[in-house]
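Below: the structure, in structure tokens.
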Amino acid sequence: MFGKGVLKGLGVTMKHWLYTYVDDIRKIPSRYAGGRDILKQMPDEEGIFTIQYPEEKRVIPERYRFTPMLLYDAATGKDLCTACGICTKVCPTQCIWIVRDKDEKGKPISRPAEFYIDASLCMNCGLCSEFCPFGAIKPNHDFERAVYDRHQDMIYDKQALLVPLEYHAAIHPTEYAEEEAAKAAKAQAKARRAQSRRRRGSAADRKPGEDGAD
Amino acid sequence: MDEDRSIEYRQGQIPQELQHNVVITSVDYIYNLIRKTSLWPMMFGLACCAIEMICTAAGRYDLARFGMEVMRPSPRQSDLMIVSGTVTKKMLPQIVRIYNQMAEPRYVIAMGACAISGGPFKDGYNVVSGIDKYIPVDVYVPGCPPTPEALLHGVLKLREKIAKQSITQVSWYRKGSQDAIPVPVLGPDIFDPRRVPEIRKRTLAPRPDDDGSEATEGAQTVEDQSEA
Amino acid sequence: MSEMSAQETLPYHEAVPGAVLERLENGSLIVAADKLLQLGTYLRDHEGYDLLSSVTGVDYLGYKGRDASNRFEVVYHLYSTKRGGGPLVLKVRMPESNPELPSVVSVWPGAELQEREIWDLYGIRFTGHPNLRRILLWEGFNGHPMRKDWHEAYYEEEHKPFRSRHPNGHHVLAEDRAPWHDNVFYPEGWDPEIWQEPIVQYRLPTDPSLGTTGDLPTERIVVNFGPQHPSTHGVFRMIVTLEGETIVGLEPEVGYLHRNHEKIGERNTYLMNMPFTDRLDYLCSMSNNLGYALAVEKLIGAEVPERAEYLRIIMVELTRIINHLLAIGFLLNDLGAFFTPVLYAFEERELILDLFEEAAGSRMMCNYMRFGGVAHDVSEDWLERCRYLVNERLPRRVDELERLLTENEIVVARCKGVGYLSPEDAIALSVTGPLLRASGVQYDIRKAEPYSIYDRFDFEIPVYHGCDVYDRYRVRVAEIRQSIRILQQALKDIPPGEIQSGKKQHLLRVPPGEVYSRIEAPKGELGFYIVSDGSPNPFRYHIRAPSFVNLTALGPMSVGYKVADAIINLGSIDIVLGETDR
Ligand code: SF4
Ligand code: SF4
Ligand code: SF4
């Protein structure tokens, strides 16, 4: 019959339209998992799933990447970054700028004096955080960064980039736990090594700087 | 032009005659309410960011909630141009022309790093380092690509901006505001007709150093820095 | 005398004497420019090398062992669609001054756009080319930008990483560094006021018999579609010559999204290029990642752990599903089914993108593969959700899509018999991917020259013989089903274990050499041609983009149809401009 295909197609559209409501009813009180402010579409959601941004927000997965942030330890007030410059070397858009700090004598010390990320260039690739040996730079989750002026508001300096370690722990819980575990394991290994060394009693084979983080 | 506008927004808060105050604010309120809740974006995509723009219009984020679902392919019927993607020099004349064809009030969102400043492709010989060098931009949405939510945040920012405008101050009821922006021309490289005198002066004038090409000047600056 | 015998041992000496000058260690043949056409014809007709996959220009300025006498090189990669297997590589070398060689368009018409690109970017002239003008840039552009001695306006240093970033990285905008403050460069002595725009000669059809209907006197008109047009899938332009409503000539005009990927790629280090490949075909970033990773792995000889191989396959096949869903959706858009099928496609796509975002960190720009593995592992929960999608949801949704479209009378009426591209033409025009398989040629790199671990999976290569838009749609649906099949197997067998072999390095040292590696991307053959000089940056980095090469077929396949069909022909090719223009 001519027109059967069209009718069948219309049936599909009809079904699509109805399914949204069916899903709504089936999952009373709410099919938006975990209440209406933390949203995540599960693969078995059939109907149209709409996130009413800005009232509702989607669950942002841990690995989500946006312009990076720098971490500092709120307890000691120290930056984690050592100005080693690896992130500037991997950054594909070359949008990270670091000035290494100097002490009074002009000798460079491992601390950034200035740190810039040009958010108007950053391609959110996450390579900087992937290769930072100190875990000092991490992709941020805060995507609400629209501005009216790009020259003032889009070049993030160190002040704008720094966030406390707790923030990182909050948005990257698994990663943070892994890092902590790795750190603890390392500390343990170090202690054990020190112990065995002491037992052997030979100070000769102690290499300075070997304990530095890698 | 952008600067002028932002000054107006600030001034728009303080009307001169007090007796008009009430009337104008409520007129403003209605005027802005209507404009900001029915922004019609232009159906206009340039690169990867355009796909995220379509995602924003699709079911998950649903641009219709903001009265923006009517994407118009014609610039004459749209109020908002979302520059979504890399602006190349080859495409630039068309973009400026399209912008000129849009009727006031018109707004521009620069979506993504590329539209803002050239982004990852900034060094490219065919890439315009920022669309705001040629047309005024109202809101910049960083990201590469900005997720649909980030774009929506940009739209909300734009609405805030619109809400602050005043009918007595807006530029499009004034004389001269409708002057078209000169369309850039593709010569040996792109050039803006407004800058012709400057280009003439510099390309035709003898250079102080003979081989003063671009490249060496760039390299010099780098050296200067490392010496510093 | 000994020279003579050396000549005789060279391949194809009996057929075309003197054509092959030298056989390199890696098997590629140096060909004399004046014998190129002869050899090409012989190879095509007698040796079965019917598919000219890619034509690449290389500028060897400053490369070890090269001088001005052989600075330029054009590389041809030939394949056989019947035999499958690896390529035959031909190379023609040219001196620095006035590089010139005969165009192979008469042998393999598929070279047309690629040769134009080489002319545009390298200034190598192809004699006998029917339409040799700039393609990615505009006529009148100053210089040939891919030459090694051509510097862009924001030029800072030859290679990244730039020294100005650390340890004394006071932020400087590129604008402040460059003399014009903009990304522009004008030649000295150039006067914009007396300058005149060069006249662009488009190729208009000359055949008077085309398109004339009855006694009605008609006049030919030229219509421009794009670059800003809702149905051109981005910034793409077609110059269509019409006789009444009938197309008598069509010329694609690209380059509106030419982002200088290759030039930037040669400044980058190997790793830095990975996120840039995401932006090629931005709908299929995972496939691009895989193609690039495979190419570099071939150069450095890296092993990939089992689990990473499986993860790669899973990601790439999910990408194929996304791409085909969207391709069908946009095709329907072009037919006038405004946005409903696209929205359905986006619904499924969002779910897959959620998976990508969880695994890789970004919805579109995944940057997921690394040399010798993948960047992140996935959790068991992730796999479970993926299994649900693949086993339950997607098959159902594909059925639904078919119910919606396959028998729909309007779709059938608009698509059947439109855009005919015969198998012979398809191969000659270097068309690959679903387009080729809809023309009845069963050629898929996953089977013809298996890469990664595709040889372990049980799947078929769908092929249809209608050679029209309708069958291109059907091939895509069938490919989605096959992808689902592969995914089901991969998700069943995925082993636990490592995801990265060796230590992740950010500065990769790559041994000197060259590689061409290709994969079956959703749109066709995606090839990466990389020349390494042993430094951390690729010396030459070229992408053989399926969207770009497939466009060659747009003109031939649209002529004779109505103007509305040009749009669905374009839709059925399924181009993404990021990849077309690079
Ligand atoms: S890699 Fe990490 S520690 Fe090194 S400079 Fe960058 S942020 Fe600082
Ligand atoms: S995310 Fe990528 S582009 Fe952005 S700062 Fe880090 S390395 Fe650079
Ligand atoms: S900002 Fe990023 S995603 Fe957007 S167009 Fe540019 S490269 Fe593509």
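Numbers for the structure displayed
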item: For C:L335, net neighbour charge (Lys/Arg +1, Asp/Glu -1) across residues whose Cβ lies under 11 Å away; result: -1
item: Helix A:173-200 vs. chain A, principal-axis angle (Cα, 0 to 90°, nearest 10); result: 20
item: Accessible-area order (highest first, 1.4 angstrom probe) of the listed residues A:K107, C:K562, A:K27; result: A:K107, C:K562, A:K27
item: Inter-centroid distance (Cα atoms) of the stretch C:80-112 relative to the stretch C:260-339, Å; result: 26
item: The stretch C:390-426 and the stretch A:38-86: distance between their alpha carbon centers, rounded to Å; result: 39
item: Computed [θ] at 222 nm, helices only, for chain C once each DSSP H run of length n ≥ 4 contributes -39500 (n - 2.57); result: -10500 deg cm²/dmol
item: With every protein chain in place, the protein assembly as shown: carbon and sulfur % of accessible area (1.4 Å); result: 54
item: B:Q101/A:A194 FRET efficiency (R0 60 Å; Cβ-Cβ; nearest 0.05); result: 0.20
item: Heavy atoms of C:S430 accessible to a 1.4 Å probe, total area in Å² rounded to 10; result: 0
item: Gyration tensor over alpha-carbon atoms, the stretch A:66-176, equivalent ellipsoid semi-axes in Å; result: 21, 18, 14
item: Chain A - convex hull of alpha carbons, volume per residue in Å³; result: 248
item: Chain C: relative contact order in percent, alpha carbon pairs under 8 Å with at least 6 residues between; result: 16
item: Charge-dipole axis of the protein assembly as shown as Lys and Arg at +1 and Asp and Glu at -1 on Cβ define it, positive-most pick from B:C114, A:A136, C:F225; result: A:A136
item: FRET E, pair C:W382, C:D67, Förster distance 51 Å, beta-carbon r, rounded to 0.05; result: 0.40
item: Linear extension gain, A:Q52 paired with A:A169, 0.36 nm per residue minus alpha-carbon span; result: 39.4 nm
item: Dipole of the protein assembly as shown, positive end: most advanced residue of C:I118, C:S547, A:C122 [Cβ charges, Cα centre]; result: A:C122
item: Calculated over the stretch C:261-581: convex hull of Cα atoms, volume per residue (Å³); result: 117
item: The protein assembly as shown: mean projected area of Cα convex hull, nm²; result: 51.7
item: Separation of the C:R23 and C:Q201 label points, Cα + 7 Å toward Cβ, nm; result: 4.2
item: Virtual spin-label span in nm between B:S26 and A:L7, 7 Å along Cα→Cβ; result: 5.7
item: For chain A: relative contact order, % (alpha-carbon pairs under 8 angstrom, 6 or more apart); result: 18
item: Contact order relative to length of the stretch B:7-173, as percent, for alpha carbon pairs under 8 angstrom and 6 or more apart; result: 27
item: A:D73 accessible area, assembled protein chains, probe 1.4 Å, Å²; result: 50
item: Length gained when the stretch C:N98-C:E424 is fully extended (0.36 nm per residue, less Cα-Cα span); result: 113.9 nm
item: Shape call, chain C: gyration tensor on alpha carbons, a/c limit 1.5; result: rounded
item: Approximate spin-label separation C:N142-A:Q152, in nm, with each point projected 7 Å along Cα-to-Cβ; result: 3.5
item: Order of exposure, largest accessible area first, which applies to C:W108, C:W190 with probe 1.4 Å; result: C:W190, C:W108
item: Cα-centred dipole magnitude for the stretch C:315-377, charges only on beta-carbon of K, R (+1) and D, E (-1), debye, nearest 20; result: 220
item: Area buried, chain B against chain A - accessible surface, total, 1.4 angstrom probe, square angstrom; result: 2600
item: Magnitude of the charge dipole, the protein assembly as shown, Cβ model with Lys/Arg +1 and Asp/Glu -1, debye to 20; result: 2060
item: Cα shape, the stretch C:92-231, gyration tensor, a/c 1.5 rule; result: prolate
item: The stretch C:367-427: C-alpha gyration tensor shape, a/c 1.5 cut-off, then a/b vs b/c; result: oblate
item: Length released on extending from C:I453 to C:L10, taking residue separation times 0.36 nm less the Cα-Cα span; result: 156.0 nm
item: Within chain A: Cβ-based charge dipole about Cα centre, in debye rounded to nearest 20 (Lys, Arg +1; Asp, Glu -1); result: 1060
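The values are calculated or read from the model by the stated rules, or taken from the named source; none is laboratory data. On a predicted model such as this, the values are computed, not experimentally measured, just so you know. We place every Cβ from the backbone using ideal geometry, glycine too, and count neighbours over all the protein chains shown. When the accessible area is computed, the model is the full protein with side chains, heavy atoms only, and any ligands, DNA or RNA have been set aside. Shrake-Rupley method; radii C 1.70, N 1.55, O 1.52, S 1.80 Å.
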